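Participant: Below: one structure in structure tokens.
No value in this document is a laboratory result; all are computed from the given coordinates. All figures in this text were calculated on a predicted structure; none of them were measured in a lab. Here Cβ is always computed from backbone atoms with ideal geometry, including for glycine, and neighbour counts include all displayed protein chains.
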Amino acid sequence: MSEPLLSLKDITAGYGRAALVLRGLSVTVEAGQVVCLVGPNGAGKSTVLRVASGLLAPRSGSVVLAGEDVTGRSPQALLDRGLSHVLQGHSVFREMTVAENVRLGGYTVRDKARLREREEAVKELFPIVAERWGGIAGLLSGGQQKQVEFARALMLEPKVVLLDEPSMGLDPKTTQTVFDQIDLMRRAGVAVLLVEQNARRALEMADVGCVLDLGAVHISGPARELAADPRLGALYLGGAAARNGPQA
Ligand SMILES: Nc1ncnc2c1ncn2[C@@H]1O[C@H](COP(=O)(O)OP(=O)(O)OP(=O)(O)O)[C@@H](O)[C@H]1O
């Protein structure tokens with residue numbers, strides 16, 4: 001087993017005075033691995049990504065990125081160290097061109113030749129980005145915009161990419177395209193931590209699956225095995241009550 005590129009250990013986290021959302025959550029992601037977090041609405045999946053990218057500081061526990069303890073560091077500091085977060089929903093600037101959107105992801109690159117090199121690399125990875133390079137981003141379909149977001153996220157050649165519900169609002173065919181792109185990131189050696197509502201489909205593509213419930217990883221294992229695990233259905237259908245069996 002290789003060293004994890006991202007490791008969250010015993011995380012507790014929450015918002016303001018409200019009850020804790022994460023209670024002792026641990027998850028690791030290695031290079032070239034897709035780890036998929038699934039679980040009911042409100043289980044805390046997006047919160048895990050927010051803690052991992054520095055948007056939300058944990059109350060306790062640690063975040064380790066490529067061997068460095070980065071707990072409590074800012075999102076910018078984590079981005080500089082190779083972690084990129086693609087948020088839920090659409091975050092392209094609709095009035096700007098595809099090229100302008102993608103270049104925003106490389107705004108810290110000072111070396112012009114390096115910037116061109118990265119642009120070419122992401123264009124190769126996402127043909128639709130190359131095809132619509134000079135066009136207005138807002139005229140692209142939802143799935144195409146998602147690929148612009150991916151391209152932007154890969155401009156700094158991150159080691160770790162966090163993807164929050166990338167298939168949201170996409171039809172099955174476009175979802176497959178987006179999942180294929182995630183597979184390409186994996187083949188390029190990126191560590192991907194993915195949150196998906198589309199659980200069974202995502203687990204078929206991922207390497208490791210983690211089911212979140214009550215603020216911690218409730219079940220984890222090889223993703224394909226998890227996809228077939230009846231406990232997954234039970235959790236989605238009835239949460240904690242279903243796990244405890246039918247009530248007398
Ligand atoms: N900014 C916030 N302020 C206060 N509470 C929040 C905030 N964001 C999320 N929460 C709460 O934290 C809990 C977990 O939310 P989170 O978005 O992490 O869940 P999720 O598993 O990603 O859900 P979904 O599948 O619906 O996207 C929820 O109870 C939610 O109401």
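Participant: Taking other Cβ within 10 Å of each residue's Cβ, how do HIS218, HIS85 sort, fewest first?
Facilitator: HIS218, HIS85
Participant: Taking region 41-116, which GluC sites (Glu not before Pro) meet the DSSP loop condition and have no more than 12 other C-beta atoms within 10 Å?
Facilitator: Here the GluC sites (Glu not before Pro) that fit, given the DSSP loop and packing criteria, are GLU95.
Participant: For Cα pairs less than 8 Å apart in space and 6+ apart in sequence, what is the mean separation divided by the residue count of region 54-128, i.e. the relative contact order in percent?
Facilitator: Once divided by the residue count of region 54-128, the mean separation gives 17 percent.
Participant: Turning to a different aspect of this structure: Please compute the modelled spin-label separation between ALA18 and SER2, points set 7 Å along Cα→Cβ, answer in nm with one decimal.
Facilitator: In this crude spin-label approximation the distance works out to 3.7 nm.
Participant: Separate question: For labels at ARG81 and ASP180 in the simple 7 Å Cα→Cβ model, what's the distance in nm?
Facilitator: About 3.6 nm separates the two model spin labels.
Participant: Just the projected area, averaged over all directions, of the convex hull on the alpha carbon atoms of the chain: how many nm²?
Facilitator: 14.3 nm²
Participant: Using only Cα atoms and rounding to the nearest 10 degrees, what angle (0 to 90) does helix 230-243 make with the longest principal axis of the chain?
Facilitator: 60 degrees
Participant: Let me ask something additional. What do you get for trypsin sites (Lys or Arg not before Pro) in region 3-46 restricted to DSSP loop and a cutoff of at most 11 other Cβ within 10 Å of the site's Cβ?
Facilitator: Working: sites: LYS9, ARG17, ARG23, LYS45; in loops: ARG17.
Taking region 3-46 and a limit of 11 other Cβ atoms within 10 Å, the loop trypsin sites (Lys or Arg not before Pro) found are ARG17.
Participant: Going by how many other Cβ atoms sit within 10 Å of their own, how do PHE93, PHE126 line up, fewest first?
Facilitator: PHE93, PHE126
Participant: Just to confirm the filter: which GluC sites (Glu not before Pro) across region 109-208 are DSSP coil and have at most 16 other Cβ within 10 angstrom of their Cβ? Provide the component values of the computation, followed by the final result.
Facilitator: Numbers: sites: GLU117, GLU119, GLU120, GLU124, GLU131, GLU149, GLU196, GLU204; in loops: GLU196.
Passing both the DSSP loop test and the Cβ count: no residue.
Participant: Another one. Using r as the Cβ-Cβ distance of LYS112 and GLU68, and R0 as 35 Å, what FRET efficiency do you calculate, to the nearest 0.05?
Facilitator: Working from the Cβ atoms, E equals 0.75.
Participant: Compute, for the chain, the length of the dipole vector about the Cα centre, with Cβ point charges of +1 (Lys, Arg) and -1 (Asp, Glu) only. Units Debye, rounded to 20.
Facilitator: For the chain, the charge dipole is close to 460 debye.
Participant: How big is the antiparallel share of DSSP beta bridges in the chain, given as a percent to the nearest 5?
Facilitator: For the chain, the DSSP antiparallel bridge percentage is about 55.
Participant: Continuing with the same structure: Please give the charge dipole size of region 89-157, origin at the Cα centre, charges +1 on K and R Cβ atoms and -1 on D and E Cβ atoms. Round to the nearest 20 debye.
Facilitator: Around 120 debye, computed over region 89-157.
Participant: Which entries in the list LYS9/LYS159; LYS9/LYS173; LYS45/LYS146; LYS123/LYS173; LYS45/LYS159 go over 28 Å, if you measure between the two C-alpha atoms of each?
Facilitator: Too far apart for the 28 Å limit: LYS9/LYS173.
Participant: Please build a GNM for the chain, connecting alpha carbons under 10 Å apart, and tell me which residue among ALA113, ALA216, ALA191 fluctuates the most.
Facilitator: Residue with maximal mean-square fluctuation among ALA113, ALA216, ALA191: ALA113.
Participant: Where in region 149-183 does the label zone of GLN197 land, with the point 7 angstrom along Cα→C-beta and an amide N cut-off under 14 Å?
Facilitator: Output list for this probe position: 164-172.
Participant: Given springs between every Cα pair under 10 Å in a Gaussian network model of the chain, which of ALA223, ALA206, ALA19 has the largest fluctuation?
Facilitator: The residue with the greatest mean-square fluctuation here is ALA19.
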